[in-house]
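A.B. asks: Let me begin by handing over the structure; questions about it come next.
The values are calculated or read from the model by the stated rules, or taken from the named source; none is laboratory data. Bear in mind the structure is a predicted one, so any value in this text is a computation, not a measurement. Cβ placement follows ideal geometry from the backbone for every residue including glycine, while neighbour counts extend to all protein chains displayed.
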Amino acid sequence: MTTKKKNNIHILTIETSCDETAAAVVRDGREVLSNIISSQIDIHTLYGGVVPEIASRNHIERINTVIEQALNEAALKLCDIDAIAVTYGPGLVGALLVGVAEAKAISFATGLPLVGVHHIEGHICANFIEHKDLEPPFMSLVVSGGHTHLVNVLDYGKYEILGRTRDDAAGEAFDKVARAIGLGYPGGPKIDKVAKEGDPDAIDFPRAKVRNEEYDFSFSGLKSAVLNYLNSEKMAGREISVPDVAASFQKAVTDVLTEHSMNAVKSCGCSKFALAGGVASNSALRASMAAACKEAGVELYCPSPIFCTDNAAMIGVAGYYEYIKGNISDLSLNAVPGLKLGER
């Protein structure tokens, strides 16, 4: 049975799972009153990827200011807030601890209920922000730097994981290939941009399948194929077309994501499909999914790019549905870097 909604519930939320320090205020699980994101991309670009210790230190420096900005933009005070929601996993343990400690401190000082939120659940729930008509059940593909999950969303907070990556996540593969072809970090947006100038059929990179697990993903072989191609071309003295490599790699990823997703949709008889996660903002993936969903007669839902990458608004949406179900955490809540979807 679908959860019964409650009205005029304001959730203050905190998200620090990786390298964005974020806070937001969400009303009734669907209306975002504020969504403040302090990004560290410029800092970590210098190192070619996220440095956990630097990310944690920057969270500590920025978190109070970000929360204050979120409350100010929402034109609310702490006394107007009904609960505090915070990401407690999965993610970088040091980064998570900053957000969890902050949320626990606010909860202790104000007496407000504390709600621990799963980061992947937040990504899925990002679709509820702009799609007021979307209700479970539906199928969702979560694609980010650390996760690739194919999830059957049975109800609010109730999930069945049909497939997951066996090695590299899709976003991780984008970052590694971008680094190999000289584009740098973050890889996803840069490959998406350069690929528009290339031929996606120029190079026939492999589309991996996992034996006996039709919904699982594997991208390490694809990454290795790209590296082998680059090395062989260099050894042969041939010029490498970066746009062609980017476009061909991107197509190999999107083909696999689309095929597995549509197989799951047909198998489960779903009429709705939602993209989620940072890679969900990739233009080629969106186009591929749009075409496949249209052909299958399935309604496609995609968050705006601002709600695809890590943000606190999506955590507020997930937190709202946990709160109205009575899933309240106590002050023993701790960071769980390897938290599985559906665990509490």
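A.B. asks: Sort out which residues of the stretch 110-155 are part of a loop (DSSP other than H, G, I, E, B), modelled with pLDDT of 95 or more and among the small types (Gly, Ala, Ser), and write them in order of number.
C.D. replies: Those that are part of a loop (DSSP other than H, G, I, E, B), modelled with pLDDT of 95 or more and among the small types (Gly, Ala, Ser): Gly111, Ala126.
A.B. asks: Modelled with pLDDT of 90 or more and among the hydrophobic types (A, V, I, L, M, F, W, C): is that true of Val86 in this structure? If you could, list the steps in order and put the result at the bottom.
C.D. replies: Values: modelled with pLDDT of 90 or more: yes; among the hydrophobic types (A, V, I, L, M, F, W, C): yes.
Yes; evaluated as a whole, the condition is true for this residue.
A.B. asks: May I pose another question? Among (1) more than 19 Å from Val256 (Cβ to Cβ); (2) assigned by TED's automatic domain parsing to the domain that holds Ile240; (3) part of a helix (DSSP H, G or I), where does Ser107 come up short?
C.D. replies: Of (1) more than 19 Å from Val256 (Cβ to Cβ); (2) assigned by TED's automatic domain parsing to the domain that holds Ile240; (3) part of a helix (DSSP H, G or I), only one is false for Ser107: (2).
A.B. asks: Of all residues in the stretch 25-50, which are under 18 Å from Lys132 (Cα atoms) and surrounded by fewer than 18 Cβ atoms within 10 Å (Cβ to Cβ)?
C.D. replies: Selection gives Asp28, Arg30, Glu31.
A.B. asks: Output the residue which, of all residues in the stretch 68-97 that are in contact with a Lys or Arg (Cβ under 9 Å, 6 or more places away or on another chain) and in a helix (DSSP H, G or I), is nearest to Glu121 (Cα to Cα).
C.D. replies: Gly94
A.B. asks: Sticking with this one: Specify the residue that is modelled with the lowest pLDDT; the eligible residues are those in the stretch 3-42 that are charged (D, E, K, R) and closer than 20 Å to Ser144 by Cα. Explain how you work it out, then say what you get.
C.D. replies: Initial filter on the stretch 3-42 (charged (D, E, K, R)): 4-6, 15, 19-20, 27-28, 30-31, 42.
Right, trim to closer than 20 Å to Ser144 by Cα and you get 15, 19-20, 42.
Working: Glu15: 98, Asp19: 89, Glu20: 93, Asp42: 83.
Among those that are charged (D, E, K, R) and closer than 20 Å to Ser144 by Cα, it is Asp42.
A.B. asks: Can you name every residue in the stretch 32-46 that is outside any strand (DSSP E or B) and either free of Cβ contacts under 8 Å to residues at least 40 places away in the same chain or on the phi > 0 side of the Ramachandran plot (or both)? Steps first, please.
C.D. replies: Let us first name the residues in the stretch 32-46 that are outside any strand (DSSP E or B), namely 40-46.
Hits for the stretch 32-46 are Gln40, Asp42, Ile43, Leu46.
A.B. asks: With His147, His131, His119 as the choices, which residue is out of contact with any Leu (no Cβ under 7 Å at 6 or more places or on another chain) and crowded, with 24+ Cβ neighbours inside 10 Å?
C.D. replies: Values: His147 fails: crowded, with 24+ Cβ neighbours inside 10 Å; His131 fails: crowded, with 24+ Cβ neighbours inside 10 Å.
On inspection, the qualifying residue turns out to be His119.
A.B. asks: Would you confirm, using the coordinates I've provided, whether Asn228 is over 28 Å from Tyr47 (Cβ atoms), out of contact with any Ser or Thr (no Cβ under 7 Å at 6 or more places or on another chain) and either surrounded by 18 or more Cβ atoms within 10 Å (Cβ to Cβ) or outside the structural domain of Ser39 (by TED's automatic domain parsing) (or both)? Break it down stepwise before answering.
C.D. replies: Working: over 28 Å from Tyr47 (Cβ atoms): no; out of contact with any Ser or Thr (no Cβ under 7 Å at 6 or more places or on another chain): yes; either surrounded by 18 or more Cβ atoms within 10 Å (Cβ to Cβ) or outside the structural domain of Ser39 (by TED's automatic domain parsing) (or both): yes.
No.
A.B. asks: Follow-up question, since we're still on this one. With the checklist (1) outside any helix (DSSP H, G or I); (2) under 24 Å from Asn231 (Cβ atoms); (3) under 15 Å from the mean Cα position of the chain (by Cα) in hand, flag the one item Tyr185 doesn't pass.
C.D. replies: (3)
A.B. asks: With the condition being of a type in the set (Gly, Ala, Ser) and more than 26 Å from Ile106 (Cα to Cα), I'd like the helices (runs of 4 or more DSSP H) fully within the stretch 270-344 carrying at least 3 qualifying residues. Walk me through how you get there before you give the answer.
C.D. replies: On the way: elements: 283-296, 305-308, 312-324.
The helices (runs of 4 or more DSSP H) meeting that bar are 283-296.
A.B. asks: On to the next question. Regarding Gly111, is this residue among the small types (Gly, Ala, Ser) and either in contact with an Asp or Glu (Cβ under 7 Å, 6 or more places away or on another chain) or on the phi > 0 side of the Ramachandran plot (or both)?
C.D. replies: Values: among the small types (Gly, Ala, Ser): yes; either in contact with an Asp or Glu (Cβ under 7 Å, 6 or more places away or on another chain) or on the phi > 0 side of the Ramachandran plot (or both): yes.
It is true that Gly111 is among the small types (Gly, Ala, Ser) and either in contact with an Asp or Glu (Cβ under 7 Å, 6 or more places away or on another chain) or on the phi > 0 side of the Ramachandran plot (or both).
A.B. asks: Here is a further query. When you look at Val256, is it part of a helix (DSSP H, G or I) and either over 21 Å from the mean Cα position of the chain (by Cα) or crowded, with 24+ Cβ neighbours inside 10 Å (or both), yes or no?
C.D. replies: no
A.B. asks: Restricting attention to the stretch 307-316, does a residue exist that is of a type in the set (Ser, Thr, Tyr) and at pLDDT below 95? I'd like the intermediate steps shown before the answer.
C.D. replies: First pass over the stretch 307-316, keeping only residues of a type in the set (Ser, Thr, Tyr): 309.
Checking which are at pLDDT below 95 leaves us with 309.
Yes, the stretch 307-316 has at least one match.
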